[in-house]
Amino acid sequence: MGRLSLFDHPLLLGFEEVERTVDRLTKSGGDGYPPYNIEQTGAGALRITLAVAGFSEDQLSVTVESNQLVVRGRQDRVGGERVFLHRGIAARQFQRSFVLADGIDVTGASLEKGLLHIEMARPEVETMVRSVKITTETHQPRESVAVETDHG
């Protein structure tokens, strides 16, 4: 039995990429680490802020891979030279992904006071109307083919 899709309706043509995005979102179940905010900072400007205390700039990477913003953090494991009586600060690697709409441009990233700020711009979409010329098929007369039968 095949799986049921929201986009199987015949009037929804060309939404395969949206379906793949929804699949990606459902598979990327997050564990909530690191916590983040998404805010609108102006007309067409967005910012994602991740709480990455304990990570330095060289332990973080921000990449855009096929309409997906991926933030990765990797800390080196502290060897046996430290003895913790209580360890409540996470020292683990993470990967946090955000699906970006078409046209969203990641313009920069900065790290300050344990917060990673990722700046994005959403250009204003122009409404475009264009006419499509309708043509008619010209029907060429078909040659008639005589079929001979032998009534022998």
- Going by average Cβ neighbours within 10 Å, how do the peptides 94-104, 119-129, 37-47 rank, with the highest at the top? 94-104, 37-47, 119-129
- Query: What residues from region 80-111 fall in the zone where the backbone N is under 16 Å from a label point 7 Å along the Cα-to-C-beta line of Ala53?
  - Reply: 86-92
- Query: Hey, what's the Cα Rg ratio for region 34-121 versus the globular rule of thumb, 2.2 N^0.38 Å?
  - Reply: 1.24
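Every read-out reported here was derived from the displayed coordinates using simple, explicitly stated rules and does not represent laboratory data. Predicted model, so just to flag it, every value in this text is computed and none were measured. Quick reminder, even Gly has a Cβ in these numbers, built from the backbone with ideal geometry, and neighbours come from all protein chains shown.
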